[in-house]
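J.: For reference, the structure I am asking about is given below.
Just so you know, all these numbers are worked out from the coordinates, no wet-lab data involved. None of the values given here were measured: they were computed from a predicted structure. Here the Cβ is made from the backbone with ideal geometry for all residues, glycine too, and neighbour counts use every protein chain on show.
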Amino acid sequence: MCRIDIGTIIVHTLNVRTLNVHTHKYFTHQPIADTKKGAMSRIESFEDLECWTAARDLVHLVYDLTRNASFVHDFGLKDQIRKAAVSSMSNIAEGFARFSDREFIRFLDIAQSSCEEVKSLLYVAVDQKYIDKEEFGQAFAKASDVRFLCLAFVRYLRKSSAR
């Protein structure tokens, strides 16, 4: 999780946890160790990807934030931040359905870029006082987490493709 000091906007290091890096369904179907459960698990659908579930949480958070009274009337910003959050989740799912790691990586790159867009738009929201500093920090950290998970998965796919 990121810690944000909104006064000076210092982003502290991500809580780099052991990632549950999963294989792409079209390539190996090898069971992998699930570090949280200590059991073997298999990725059968995009819903099993940690980056997708984190992106889904980001979408939920963004929709909750944009329902507040002050945000509701800024249709452009509300729609743009929602679209960027949904784009991150959707691109992970769409990439998972592709037939090559190369294509999947391209969609993961789009997903992580959408997270950066969400973060940029959060600055607009906090500057306009649509959200408070705590809400900003929570959403910024979630967007950073999703981006980190996407990039970690890209590194994994590139490494496994090089073998």
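J.: Evaluate Rg over Rh across region 86-146, taking Cα atoms for both radii and Kirkwood's formula for Rh.
T.: Result for region 86-146 is an Rg/Rh of 1.12.
J.: Shifting gears a bit: Between Glu134 and Leu77, what FRET efficiency follows from the Cβ-Cβ distance if R0 is 25 Å, with the result rounded to 0.05?
T.: 0.85
J.: Which is farthest toward the positive dipole end of region 46-163 among Cys150, Tyr63, Ser87, measuring Cα position about the Cα centre, with Cβ charges +1 (Lys, Arg) and -1 (Asp, Glu)?
T.: Cys150
J.: Just subtract the alpha-carbon distance of Asp127 and Ser160 from 0.36 nm times their residue separation and send over the number in nm, one decimal.
T.: 7.6 nm
J.: Further question on the same structure: Can you compute the FRET efficiency between Ala69 and Glu47 using 1/(1 + (r/R0)^6), with r the Cβ-Cβ distance and R0 = 41 Å? Round to the nearest 0.05.
T.: The computed FRET efficiency comes out at 0.80.
J.: Right, here's the next one. Which order, highest average first, do 95-106, 64-75 follow once you tally other Cβ atoms within 10 Å for each residue and take the mean per peptide?
T.: 95-106, 64-75
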